[in-house]
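Student: Structure incoming, see below.
Any read-out appearing in this document is the output of simple, stated calculations on the displayed coordinates, not a laboratory observation. These figures come from a predicted structure and were not determined experimentally. Cβ: placed from backbone, ideal geometry, glycine included. Neighbour counts: every protein chain shown.
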Amino acid sequence: MRFIWSKITHLLLVVLAVTMLTFVMTDRLPADIAAEIAGHGASAAELAEVRERLGLNRPVLLRYATWIGGVCRGEFGKSLITEQPVSTALRSHLPVTLELLALSQLFALLLALPAGIISAWRSGSPLDRVTGTFAFGCASLPNYALAMGLVFLFALKLKLLPATGYTPLNAGIGANLKGFLLPALSIALVEWVTLMRVLRSDLIATLKEDFILLARCKGLPTWRILLVHALRPSCITFITVLGMQTASLIGGAVIIETVFALPGIGRLLVTAIFAQDFPVIQGGVLLITVSYVCINFLVDLCYAALDPRVRTGVTDG
Amino acid sequence: MTGPDQDLLVVGGLTVQLQTEQGPIRPVDSVSFTLEKGKTLAIVGESGSGKSMLCRAILGLVPARGNIRFDGRDTGKLTGREMNRIRGRDIGVVLQDPLSSLNPVMTISDQIIEPMRIHLGITRREGVERALYLLCSVGIPRPEERLGCYPHQLSGGMRQRVAIAIALACEPKLLIADEPTTALDVTVQAEILTLLARLQMERKMAIILVSHDLGVVAGCANNIAVMYAGRIVEQAPAAELFRRMRMPYTRALFDAIPRIEDPPQRRLPNIPDLPPNFAALPPGCRFAPRCPRAGERCRTEEPALVCDEDRNHRYACWFPV
């Protein structure tokens, strides 16, 4: 129980710090939201009127206090540009981001797990070296370059998948998934490398342990030694990296979302930042921060599930 | 009673060659011995004399040359799967440090039941029953409370008992115990040795007991083989060996055991220098550079393992004690 409370306190502190920082930084941006709203060539009086109406004249900390007060009541405000409630905007963009994130992490796992296990088991072999070279090749390409390559191959040449665009889920799951395949693959082909490398190096260390020697002495088949005995104690860094990658994808897939014209959180946020549309920025940042802290919490739970020694550590401390 | 029917393990000319940066080395070099059913062979030597590597070679875990006959079968001719079966079912293994040799993220019961499920094909429920019985027989009180424990929740002695229970799970014909008491407190050491002796009586299994301490093996071994730099340098029935040690190295190991009747503050005699580097073995006798009795011949010509005919006592030395 104390563990839960400390996590919640931690969450609140992080949320306060991050949202306040973004609020102040947005305020310092050179863009002028009032000019945007009043329209091109508006007079100074009109601009002042817009500023007065939006409360932009008040001190920044006061405006922040008003905003956070609204959040506490469950009101996230409205976009200054589209007048759409922020919660509606987030709700319509979040499924896109989540689906992209889930698919790309799934692909990354499907690549990283087998590749990591095999190259650790046969470390130093030609197979390990080929995997390693391919992996570094993937990692050294920026994901948008990879995206372009994939679009060229699968959309333009083979004409198997759409090049860009988003089909909502209610228009058919097949079409929806088709639209996500290339963007998810572009992200996964970069992300899997880190996952594979940390898993490989941790597994190599584990395979030198005495308990693996004993497992071999027990006459266990190789797959069982690798998957049952070696994999679980080697997963700590792997899970950490997986968690960090997942969290960063919530707001950080902007480039891929832009390349493939997917209406995700990242794009919503970047558009809002260019327009200085601070209620949307704040809402997005809040969402990302909360997800980060929650994913970290999940990762902590995973540690305990993976390693019983961590569990006793939690109850003792 | 001796004879081929009584022989459980016959090792002939076993050699392990490994590639290292300093060139090929042979941590096990032309080792031969015979172990009868139900008997104990102790393999004694300093750290790095090749004892553990010898065990791994017997288990088929490192590539080796030479002959190994286990229970009438030539293990060199077995497939990987058949060898797995021998390893898990017919040979049990206990390693030195029970904390590192038990899987930290698996419960005790899973680790005991695992080899039985793989090799004997029993159900989980039967496995739990047998695990309880095994834990009882290795002297763990209230075993039903221990089944769900993880290794870090047990004491060192308790962990080694669990490791022994795992090794015994499939009723092996041979137990290889590689320094089973080295990582334990002295009082616990004696308990574990007594336990091994009792289990051997009950189950009629053979034991290979590896140790760096002649004192540890004195009470429980039928035969003792002393290893130095990858070779057996002296081998004899225990009583015969303690009656008369022929090889100066064995003598030196024996003299290094502290004795209760020693006057206080007595300096224990130690063997000067370190065992030789496998990549740069001396010509002649491998022990010669550290041997007080070494003569000119020892430095040029390697002594063969010769046998004292009537007593089954073998040693490799030009100037035996």
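Student: Report, as an integer, the average count of C-beta atoms from other chains found within 10 Å of each Cβ along B:85-91.
Tutor: Neighbouring Cβ atoms belonging to other protein chains average 3 per residue here.
Student: Once the cut-off is 20 Å, how many percent of the Cα-Cα pairs in segment B:55-116 end up in the long-distance tail?
Tutor: Of the Cα pairs, 37 percent sit more than 20 Å apart.
Student: Set the Förster distance to 45 Å, then compute FRET efficiency between B:Ser47 and B:Asp71 from the Cβ-Cβ distance, nearest 0.05.
Tutor: 0.90
Student: Further question on the same structure: Enumerate lysine pairs in the protein assembly as shown that are 8 or more residues apart or on different chains, then count those whose Cα atoms are under 13 Å apart.
Tutor: 6
Student: Apply 1/(1 + (r/R0)^6) to the Cβ-Cβ distance of A:Glu46 and A:Thr164, taking R0 = 41 Å, and write down the FRET efficiency to the nearest 0.05.
Tutor: Working: r = 39 Å, r/R0 = 0.94.
Efficiency at R0 = 41 Å is approximately 0.60.
Student: Connecting C-alpha atoms closer than 10 Å in a GNM of chain B, tell me which of B:Pro104, B:Pro276, B:Pro289 has the biggest fluctuation.
Tutor: Top of the fluctuation ranking is B:Pro104.
Student: Here's a follow-up. If R₀ is 35 angstrom, what is the calculated FRET efficiency for the pair B:Thr79 and B:Arg124, using the beta carbon separation as r and rounding to 0.05? Mind dumping the intermediate values first?
Tutor: Working: r = 28 Å, r/R0 = 0.80.
Approximately 0.80, to the nearest 0.05.
Student: Quick one: net charge around B:Asp97, please, counting Lys, Arg +1 and Asp, Glu -1 for every other residue with C-beta under 12 Å from its C-beta.
Tutor: Values: positive: B:Arg159; negative: A:Glu209, A:Asp210, B:Asp178, B:Glu179.
That sum, taken over residues with Cβ under 12 Å, equals -3.
Student: On to the next question. Is there a quick way to get the dipole size of the protein assembly as shown? I mean about its Cα centre, with the Cβ of Lys and Arg at +1 and of Asp and Glu at -1; what is the value in debye to the nearest 20? Don't jump to the answer; show the numbers that get you there.
Tutor: Working: 65 positive and 55 negative charges, 198 e Å.
Roughly 960 debye, rounded to the nearest 20.
Student: Take each of the peptides B:75-87, B:225-237, average the number of other beta-carbon atoms within 10 Å over its residues, and list them starting from the highest.
Tutor: Averaged packing, sorted descending, gives the order B:225-237, B:75-87.
Student: Name the most mobile residue of B:Ala183, B:Ala221, B:Ala206, meaning the one with the largest mean-square fluctuation, in a Gaussian network model of chain B with Cα contacts below 10 Å.
Tutor: B:Ala183
Student: Something else: Debye sum, Cα scatterers, segment A:144-251, no solvent: what log₁₀ I/I(0) at q = 0.11 1/Å?
Tutor: Normalising to I(0) and taking log10 leaves -0.57.
Student: So for the protein assembly as shown, what percent of the C-alpha to C-alpha distances run longer than 38 Å?
Tutor: Numbers: 108046 of 203203 pairs.
For the protein assembly as shown, the share of Cα pairs beyond 38 Å comes to 53 percent.
Student: Report the normalised scattering of segment A:28-137 as log10 I(q)/I(0) at q = 0.14, 0.23 Å⁻¹, calculated by the Debye formula with identical scatterers on the alpha carbons.
Tutor: Results for segment A:28-137 at q = 0.14, 0.23 Å⁻¹ read -0.75, -1.24.
Student: For every helix of n ≥ 4 consecutive DSSP H residues, a contribution of -39,500 (n - 2.57) applies; sum these over chain B, divide by its total residues, and give [θ] at 222 nm rounded to the nearest 500 deg cm²/dmol.
Tutor: -9000 deg cm²/dmol
Student: How large are Rg and Dmax for segment A:109-169 when only the alpha carbon atoms are used, in Å?
Tutor: 15.7, 46
Student: What's the magnitude of the charge dipole for segment A:2-72 around its Cα centre, counting Lys and Arg as +1 and Asp and Glu as -1 at the beta-carbon? Answer in Debye, nearest 20.
Tutor: That gives segment A:2-72 a dipole magnitude of about 520 debye.
Student: Please report, in debye to the nearest 20, how large the charge dipole of segment B:1-67 is about its Cα centre when each Lys and Arg carries +1 at its beta carbon and each Asp and Glu carries -1 there.
Tutor: 80
Student: Another question, if that's okay. When the Karplus curve 6.51 cos²θ - 1.76 cosθ + 1.60 is applied with θ = phi - 60°, which whole-Hz ³J(HN,Hα) does each residue of segment B:89-99 get, with x for Gly and Pro?
Tutor: 9, 8, 10, x, 10, 10, 9, 4, 9, x, 5
Student: Among A:Ala42, A:Ala247, A:Ala145, which one shows the highest mean-square fluctuation when chain A is modelled as a Gaussian network with alpha-carbon springs under 10 Å?
Tutor: Top of the fluctuation ranking is A:Ala42.
Student: Can you give the calculated 222 nm mean residue ellipticity of chain A, where each DSSP H run of n ≥ 4 adds -39,500 (n - 2.57) and the sum is split over every residue, rounded to the nearest 500 deg cm²/dmol?
Tutor: Counting only the DSSP helices, I get -24000 deg cm²/dmol.
Student: Positive end of the dipole of chain B, charges at C-beta (+1 Lys, Arg; -1 Asp, Glu), about the Cα centre: which of B:Ile208, B:His152, B:Ala197 has its Cα farthest in that direction?
Tutor: The Cα lying farthest towards the positive end belongs to B:Ile208.
Student: For B:Glu191 and B:Asn222 in the same chain, what is the full-extension length gain: residue separation times 0.36 nm, less their Cα-Cα distance, in nm?
Tutor: Contour length minus the Cα-Cα distance gives 9.2 nm.
Student: Inside 10 Å of the C-beta atoms of A:223-229, what's the mean count of C-beta atoms belonging to other chains?
Tutor: Mean shielding by partner chains, rounded to a whole number: 2.
Student: Right, something else. Would you mind getting the Kirkwood hydrodynamic radius of segment A:205-317 from its Cα pairs, rounded to one decimal in Å?
Tutor: With all distinct Cα pairs of segment A:205-317 included, I get 17.2 Å.
Student: If you take the Cα atoms of chain A, find Rg, then find the Kirkwood Rh from the mean of 1/r over all pairs, what is Rg/Rh? Kindly include the intermediate steps, with their values, before the conclusion.
Tutor: Details: Rg = 24.0 Å, Rh = 22.6 Å.
My calculation of the ratio gives 1.06.
Student: A further question follows. For a quick size check, give me the Cα extents of segment B:5-160 along its three principal axes, largest first, whole Å.
Tutor: The principal-axis extents, from largest down, are 49, 37, 27 Å.
Student: Right, something else. So what are the ³J(HN,Hα) numbers for segment B:256-273, from phi and the Karplus equation (6.51, -1.76, 1.60; θ = phi - 60°), rounded to whole Hz, Gly and Pro as x?
Tutor: Couplings: 7, 7, x, 10, 5, 7, 4, x, x, 6, 5, 6, 6, x, 10, 8, x, 6 Hz.
Student: Which far-off residues, 5 or more places away or on another chain, put their amide H under 5 Å from the one on B:Leu9, with H placed in the peptide plane?
Tutor: Under 5 Å from the amide H of B:Leu9: B:Leu35, B:Asp71.
Student: Ok, one more. Go ahead and collect, in residue order, the members of segment A:53-96 whose backbone nitrogen is under 15 Å from a label point 7 Å along the Cα-Cβ direction of A:Asn176.
Tutor: Correct set: A:92-96.
Student: Next question, about the same structure. List, largest first, the extents of the alpha carbons of segment A:2-72 along their principal axes, each in whole Å.
Tutor: Sorted largest first, the three principal extents are 58, 20, 17 Å.
Student: To the nearest 10 degrees, how steep is helix B:156-168 against the longest Cα principal axis of chain B, on a 0 to 90 scale?
Tutor: 80
Student: Tell me, what is a quarter of the convex hull surface for the C-alpha atoms of segment B:272-321, in nm² with one decimal?
Tutor: Answer in nm², one decimal: 4.0.
Student: Let me check against my output: what whole-number percent is the relative contact order of chain A, with C-alpha pairs under 8 Å and at least 6 apart?
Tutor: Relative contact order for chain A comes out at 26 percent.
Student: Please compute the modelled spin-label separation between B:Leu281 and A:Val254, points set 7 Å along Cα→Cβ, answer in nm with one decimal.
Tutor: Going from the A:Val254 label point to the B:Leu281 one covers 6.7 nm.
Student: Whole number please: convex hull volume per residue, Cα atoms of chain B, in Å³.
Tutor: On the way: hull volume 50.2 nm³, N = 321.
Enclosed volume per residue, from the Cα hull, is 157 Å³.
Student: Right, next: Quick check on packing: order A:52-62, B:185-195, B:257-267, B:31-41 by the mean number of other C-beta atoms within 10 Å, highest mean leading.
Tutor: B:31-41, B:185-195, A:52-62, B:257-267
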